[in-house]
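Below: one structure, written as C-alpha coordinates.
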Amino acid sequence: MEKLQWHSFEKKIYIKSTAKELYQLWATEKGITSWFLSQAKFKDKSDALRNKQDFVQIGDTYTWHWHNWDGKAEGTITQANGKDFLEFTFEGSKVSVTLEEKNNVVIVSLKQFEIPEDDESKLRIHFGCSNGWTFWLTNLKAFVEYGILLNETEINLKENELSGYVFVNM
(Lines give C-alpha, C1' and ligand atoms only; values in the text may rest on other atoms or scores of the structure.)
Protein backbone atom coordinates (compact mmCIF):
# COMPACT_ATOMS: atom_id res chain seq x y z
CA MET A 1 0.00 0.00 0.00
CA GLU A 2 1.26 3.45 -0.89
CA LYS A 3 1.91 6.01 1.80
CA LEU A 4 -0.24 9.15 1.92
CA GLN A 5 1.44 11.96 0.02
CA TRP A 6 0.57 15.49 1.15
CA HIS A 7 1.73 17.15 -2.10
CA SER A 8 -1.01 15.56 -4.26
CA PHE A 9 -4.17 13.48 -4.45
CA GLU A 10 -6.33 11.97 -7.18
CA LYS A 11 -10.10 11.43 -7.47
CA LYS A 12 -11.88 9.44 -10.19
CA ILE A 13 -15.50 8.87 -11.18
CA TYR A 14 -17.30 7.15 -14.05
CA ILE A 15 -19.90 9.32 -15.80
CA LYS A 16 -22.29 8.19 -18.53
CA SER A 17 -21.48 10.87 -21.07
CA THR A 18 -18.96 11.79 -23.73
CA ALA A 19 -15.63 13.52 -23.33
CA LYS A 20 -16.95 16.27 -25.62
CA GLU A 21 -19.91 17.04 -23.32
CA LEU A 22 -17.84 16.86 -20.14
CA TYR A 23 -15.06 19.04 -21.54
CA GLN A 24 -17.64 21.72 -22.35
CA LEU A 25 -18.88 21.53 -18.73
CA TRP A 26 -15.35 22.11 -17.40
CA ALA A 27 -13.84 24.46 -19.99
CA THR A 28 -16.52 27.09 -20.67
CA GLU A 29 -18.19 29.70 -18.48
CA LYS A 30 -21.63 28.42 -19.48
CA GLY A 31 -20.67 24.85 -18.67
CA ILE A 32 -18.89 25.32 -15.37
CA THR A 33 -21.62 27.56 -13.94
CA SER A 34 -24.29 24.97 -14.77
CA TRP A 35 -23.08 22.48 -12.13
CA PHE A 36 -20.21 23.96 -10.09
CA LEU A 37 -20.08 27.73 -9.68
CA SER A 38 -22.47 30.64 -9.24
CA GLN A 39 -20.24 32.79 -11.45
CA ALA A 40 -17.13 32.30 -13.57
CA LYS A 41 -15.22 34.75 -15.70
CA PHE A 42 -12.45 33.74 -18.06
CA LYS A 43 -10.14 36.33 -19.62
CA ASP A 44 -7.78 35.76 -22.51
CA LYS A 45 -4.13 36.86 -22.61
CA SER A 46 -5.17 40.37 -23.69
CA ASP A 47 -7.50 40.62 -20.63
CA ALA A 48 -10.67 40.42 -22.74
CA LEU A 49 -13.57 38.38 -21.39
CA ARG A 50 -14.17 35.11 -23.20
CA ASN A 51 -17.60 34.38 -24.65
CA LYS A 52 -19.63 32.16 -22.31
CA GLN A 53 -19.57 29.26 -24.80
CA ASP A 54 -15.91 29.54 -25.84
CA PHE A 55 -13.35 27.05 -24.56
CA VAL A 56 -10.66 28.38 -22.27
CA GLN A 57 -7.15 28.53 -23.71
CA ILE A 58 -3.67 28.22 -22.27
CA GLY A 59 -2.77 31.48 -20.53
CA ASP A 60 -6.36 32.49 -19.77
CA THR A 61 -7.08 33.69 -16.25
CA TYR A 62 -10.20 32.99 -14.26
CA THR A 63 -12.21 34.32 -11.34
CA TRP A 64 -14.66 31.90 -9.77
CA HIS A 65 -17.45 32.42 -7.22
CA TRP A 66 -19.39 29.65 -5.49
CA HIS A 67 -22.93 29.47 -4.19
CA ASN A 68 -23.02 29.99 -0.41
CA TRP A 69 -19.46 31.22 -0.06
CA ASP A 70 -18.28 34.83 -0.24
CA GLY A 71 -14.72 34.02 -1.25
CA LYS A 72 -13.40 33.73 -4.77
CA ALA A 73 -10.73 31.75 -6.52
CA GLU A 74 -8.41 33.22 -9.11
CA GLY A 75 -5.97 31.35 -11.28
CA THR A 76 -4.57 30.57 -14.69
CA ILE A 77 -5.28 27.92 -17.29
CA THR A 78 -1.93 26.18 -17.77
CA GLN A 79 -3.01 23.49 -20.25
CA ALA A 80 -6.12 22.98 -22.38
CA ASN A 81 -6.34 20.73 -25.43
CA GLY A 82 -9.95 21.44 -26.42
CA LYS A 83 -11.16 17.85 -26.03
CA ASP A 84 -10.13 15.80 -22.99
CA PHE A 85 -7.50 17.52 -20.81
CA LEU A 86 -7.48 20.71 -18.75
CA GLU A 87 -5.04 22.00 -16.13
CA PHE A 88 -5.23 25.13 -14.00
CA THR A 89 -3.69 26.73 -10.95
CA PHE A 90 -5.91 26.49 -7.87
CA GLU A 91 -5.43 27.41 -4.21
CA GLY A 92 -1.64 27.56 -4.38
CA SER A 93 -1.41 24.30 -6.33
CA LYS A 94 -2.48 22.87 -9.69
CA VAL A 95 -5.46 20.78 -10.76
CA SER A 96 -5.69 18.60 -13.86
CA VAL A 97 -8.83 17.03 -15.29
CA THR A 98 -8.48 14.12 -17.70
CA LEU A 99 -11.45 12.65 -19.58
CA GLU A 100 -11.02 9.10 -20.87
CA GLU A 101 -13.81 7.47 -22.87
CA LYS A 102 -14.05 3.76 -22.10
CA ASN A 103 -16.92 1.28 -22.65
CA ASN A 104 -19.60 3.96 -23.29
CA VAL A 105 -18.68 5.99 -20.19
CA VAL A 106 -16.05 8.58 -19.34
CA ILE A 107 -13.57 8.17 -16.53
CA VAL A 108 -13.07 11.64 -15.08
CA SER A 109 -9.71 11.80 -13.31
CA LEU A 110 -8.98 14.87 -11.23
CA LYS A 111 -5.52 15.36 -9.76
CA GLN A 112 -4.53 18.18 -7.44
CA PHE A 113 -0.77 18.47 -7.12
CA GLU A 114 2.12 20.75 -6.19
CA ILE A 115 0.34 21.27 -2.87
CA PRO A 116 2.60 22.96 -0.31
CA GLU A 117 3.37 20.65 2.62
CA ASP A 118 3.08 23.06 5.55
CA ASP A 119 0.47 22.20 8.18
CA GLU A 120 -2.07 24.80 7.01
CA SER A 121 -1.88 23.54 3.41
CA LYS A 122 -2.22 19.93 4.56
CA LEU A 123 -5.50 20.85 6.24
CA ARG A 124 -6.91 23.54 3.96
CA ILE A 125 -5.74 22.34 0.53
CA HIS A 126 -5.08 18.60 0.78
CA PHE A 127 -7.85 17.65 3.20
CA GLY A 128 -10.30 20.44 2.31
CA CYS A 129 -9.96 20.23 -1.47
CA SER A 130 -9.89 16.43 -1.45
CA ASN A 131 -13.26 16.40 0.33
CA GLY A 132 -14.54 19.23 -1.85
CA TRP A 133 -13.63 17.58 -5.14
CA THR A 134 -15.27 14.33 -3.99
CA PHE A 135 -18.54 16.22 -3.61
CA TRP A 136 -18.19 18.23 -6.82
CA LEU A 137 -17.40 15.19 -8.97
CA THR A 138 -20.46 13.48 -7.49
CA ASN A 139 -22.49 16.62 -8.23
CA LEU A 140 -21.23 16.58 -11.83
CA LYS A 141 -22.34 12.94 -12.21
CA ALA A 142 -25.79 13.69 -10.75
CA PHE A 143 -26.16 16.70 -13.05
CA VAL A 144 -25.08 14.90 -16.24
CA GLU A 145 -26.82 11.57 -15.64
CA TYR A 146 -29.96 12.67 -13.76
CA GLY A 147 -30.37 16.41 -14.35
CA ILE A 148 -30.19 17.32 -10.67
CA LEU A 149 -27.83 19.44 -8.58
CA LEU A 150 -26.79 18.27 -5.14
CA ASN A 151 -25.32 21.59 -4.03
CA GLU A 152 -27.50 24.12 -2.23
CA THR A 153 -28.32 27.13 -4.40
CA GLU A 154 -31.57 28.38 -2.80
CA ILE A 155 -31.07 28.29 0.98
CA ASN A 156 -28.53 30.73 2.43
CA LEU A 157 -26.16 28.47 4.34
CA LYS A 158 -23.75 31.35 5.07
CA GLU A 159 -25.77 32.40 8.13
CA ASN A 160 -23.98 29.70 10.15
CA GLU A 161 -20.27 30.49 10.45
CA LEU A 162 -19.45 26.76 10.55
CA SER A 163 -21.62 25.92 7.55
CA GLY A 164 -18.60 25.20 5.34
CA TYR A 165 -17.50 22.57 7.84
CA VAL A 166 -20.82 20.90 8.60
CA PHE A 167 -22.93 21.07 5.42
CA VAL A 168 -21.89 18.53 2.79
CA ASN A 169 -23.64 20.40 -0.04
CA MET A 170 -22.10 23.87 0.11
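Miscellaneous remarks
- Among the residues examined, Trp26 does not qualify as in a loop (DSSP other than H, G, I, E, B), under 18 Å from Trp136 (Cα atoms) and either aromatic (Phe, Trp, Tyr) or at pLDDT below 95 (or both).
- Residue under evaluation Asn151, criteria (1) surrounded by 18 or more Cβ atoms within 10 Å (Cβ to Cβ); (2) at positive phi, criterion not met: (2)
- The range 49-101 - residue that is of a type in the set (A, V, I, L, M, F, W, C) and in a loop (DSSP other than H, G, I, E, B) and, of those, modelled with the lowest pLDDT: Trp69
- Selection of first residues in the range 66-88 that are touching a residue at least 12 places away in the same chain (Cβ under 8 Å) and over 20 Å from Gln39 (Cα atoms) and of second residues that are open to solvent by 20 Å² or more (accessible area, probe 1.4 Å) and among the aliphatic types (A, V, I, L, M), restricted to Cβ pairs under 7 Å at least 6 apart or on distinct chains, gives the following pairs, ordered by first then second residue: Thr78/Ile58; Gln79/Ile58; Ala80/Ile58.
- Criterion violated by Val106 - all others in (1) open to solvent by 10 Å² or more (accessible area, probe 1.4 Å); (2) farther than 29 Å from Lys158 by Cβ; (3) at pLDDT 95 or above satisfied: (1)
- Looking only at residues in the range 1-16 that are part of a strand (DSSP E or B) and open to solvent by less than 90 Å² (accessible area, probe 1.4 Å), the one that is farthest from Ile125 (Cα to Cα) is Ile15.
- Sub-7 Å Cβ pairs linking a first residue in the range 114-137 that is of a type in the set (A, V, I, L, M, F, W, C) to a second residue that is in a loop (DSSP other than H, G, I, E, B), at least 6 apart or interchain, are Ile115/Trp6; Ile115/His7; Ile125/Glu91; Ile125/Gly92; Ile125/Ile115; Cys129/Glu91; Phe135/Val168; Trp136/Phe36, ordered by first then second residue.
- Count of residues meeting criterion [open to solvent by 10 Å² or more (accessible area, probe 1.4 Å), farther than 22 Å from Glu91 by Cα and of a type outside the set (D, E, K, R)] in the range 20-33: 1
- Residue match in the range 19-29 (condition: of a type in the set (Val, Ile, Thr) and within 23 Å of Leu150 (Cα to Cα)): yes
- Qualifying positions in the range 35-54 - open to solvent by 40 Å² or more (accessible area, probe 1.4 Å) and within 23 Å of Thr138 (Cα to Cα): Ser38, Gln39
The values are calculated or read from the model by the stated rules, or taken from the named source; none is laboratory data. Every value quoted in this text rests on a predicted model; they were computed, and no experiment measured them. Quick reminder, even Gly has a Cβ in these numbers, built from the backbone with ideal geometry, and neighbours come from all protein chains shown. Ligands, DNA and RNA are excluded from the accessible area calculation, which covers all protein heavy atoms including side chains. Shrake-Rupley method; radii C 1.70, N 1.55, O 1.52, S 1.80 Å.
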